[in-house]
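The values are calculated or read from the model by the stated rules, or taken from the named source; none is laboratory data. These numbers were taken from a predicted model, which means no experiment stands behind them. Here the Cβ positions follow ideal geometry from the backbone for every residue, glycine too, while neighbour counts run over all protein chains shown.
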Amino acid sequence: YEAFAMISASMTVQHAKWLQEAIKLPWRDQIASLNILLTSTCWRNDHNGFSHQGPGLIDTVLSKKGTVARIYLPPDANSLLAVAERCFQSRNFVNLIVIDKQPQLQWLNMQEAVDHSTRGLSTWNWASNDEKMEPDVVLACAGDIATQETVAAAWWLRHHMPELKVRVVNVMDLMTLYPAEIHPHGVDEATFIENFTEDKPVVFAFHGYPRAIHQLMHGRPNAHRFHVRGFNEEGTTTTPFDMVVLNEMSRYHLCIEAMRQATRVRGLTPPFIAECQDLLVKHKTYIRENLEDMPEVRDWVWTD
């Protein structure tokens, strides 16, 4: 359980500190990495309630040295297999992997997942409509449910407001966001700009607390343009989609933020923003009356 990982967080920290010092000694043999798989995450503990909703271990591991700490947020099952293989073969690291165990949509085939795992972050051209040109806004995501909501937001914008050019970027290796001089997995500035552009607004849906992304972005070009949605300590016993609504990370919240940030088409956005707001009202009414999510959310899949 993700929330209960904090009970042993001090033990994880102590092991990371021991690794940091042990690797300095040439006579010490390498040891298998400590691989931590967090499931029953904050976004899918809607049935258990607020006490079971907390992504705090990400922040704990994020504070450790880049020589030992790794954090992976695979977006689907194939990506989990790809990154797990890397972690099992590694030595002298603390590898934190976060993905829920509930059935989810599959975004990548196995080879795509392996390639994505190797890069750590990728632009998903199939979910984007910028045609590899400069987008109006970047929709970024890290985490399984964050990815689901981001891809659904890109789909909604593509079908309702195609004039808005969107690029979808998925981050699986959280440490790639660090500048290269801070963490060995940090991508260089050229790669960062290639994916996130140099100055376009970025709406970032994140599995954990939003402050973590702002911490990682320090030192990146125009870091103020990153508008992060994540877990904000809003939770209860409710429906799965209501969890992302409560924390304002739903597909409709992401669409609204993207339209508000896209200056080129701002004159076209008011009716579509209003439509998303109406859908959020409809959601609240529907779950009170039916005790489950709306069919258009519950049964949604990607279509061209």
What tally of residues in the stretch 42-55 results from selecting those that are modelled with pLDDT under 90 and either under 22 Å from R86 (Cα atoms) or among the aromatic types (F, W, Y) (or both)?
1
Across the stretch 246-272, which residue is nearest to S51 (Cα to Cα) among those that are part of a helix (DSSP H, G or I) and among the small types (G, A, S)?
A258
Counted residues, the stretch 280-304 - those being within 19 Å of H159 (Cβ to Cβ), among the aliphatic types (A, V, I, L, M) and in a helix (DSSP H, G or I)
2
H116 surrounded by fewer than 20 Cβ atoms within 10 Å (Cβ to Cβ) and either modelled with pLDDT of 95 or more or assigned to a strand (DSSP E or B) (or both):
no
Scan the stretch 56-73 and give yes if some residue there is more than 27 Å from V114 (Cα to Cα), buried (at least 20 other Cβ atoms within 10 Å of the Cβ) and either of a type outside the set (A, V, I, L, M, F, W, C) or at pLDDT 95 or above (or both), otherwise no.
no
Restricted to the stretch 74-100 and to residues being part of a strand (DSSP E or B) and hydrophobic (A, V, I, L, M, F, W, C), the residue surrounded by the fewest Cβ atoms within 10 Å (Cβ to Cβ) is I97
Scan the stretch 252-262 and give yes if some residue there is more than 17 Å from the chain's Cα centre (by Cα), at pLDDT below 95 and either under 24 Å from V301 (Cβ atoms) or not charged (D, E, K, R) (or both), otherwise no.
no
With (1) within 14 Å of the chain's Cα centre (by Cα); (2) buried (at least 21 other Cβ atoms within 10 Å of the Cβ) as the list, and L157 as the residue in question, which single condition is left unmet?
(1)
Among the residues of the stretch 38-60, how many are more than 16 Å from the chain's Cα centre (by Cα) and among the hydrophobic types (A, V, I, L, M, F, W, C)?
1
For the subset of the stretch 157-181 comprising residues that are among the charged types (D, E, K, R) and assigned to a loop (DSSP other than H, G, I, E, B), which member is farthest from F204 (Cα to Cα)?
E181
Filtering the stretch 152-176 down to residues that are under 26 Å from H218 (Cα atoms) and in contact with a Phe, Trp or Tyr (Cβ under 8 Å, 6 or more places away or on another chain) yields V168, V169, N170, M172, D173, L174
Within the stretch 246-282, considering residues that are of a type in the set (S, T, N, Q) and closer than 19 Å to R167 by Cα, the one surrounded by the fewest Cβ atoms within 10 Å (Cβ to Cβ):
T263
Please find, among V137, V151, the residue that is closer than 23 Å to T269 by Cα, buried (at least 22 other Cβ atoms within 10 Å of the Cβ), within 14 Å of the chain's Cα centre (by Cα) and not acidic (D, E).
V151
Identify the residue in the stretch 200-245 that is in contact with a helix residue (DSSP H, G or I) (Cβ under 6 Å, 6 or more places away or on another chain), in a loop (DSSP other than H, G, I, E, B) and of a type in the set (V, I, T) and, among all such residues, is surrounded by the fewest Cβ atoms within 10 Å (Cβ to Cβ).
T236
Note down all Cβ pairs under 8 Å where the first residue falls in the stretch 135-160 and is hydroxyl-bearing (S, T, Y), the second is in a helix (DSSP H, G or I), and they're at least six residues apart or on different chains.
T150/R251; T150/L254
Can you list residue pairs whose Cβ atoms sit under 8 Å apart, with the first residue in the stretch 255-270 being touching a residue at least 60 places away in the same chain (Cβ under 8 Å) and the second being of a type in the set (G, A, S)? Count only pairs 6 or more apart in sequence or on different chains.
C255/A153; A258/A153; T269/A262
Just for the stretch 1-41: of the residues that are of a type in the set (D, E) and in a loop (DSSP other than H, G, I, E, B), which one is nearest to V83 (Cα to Cα)?
E2
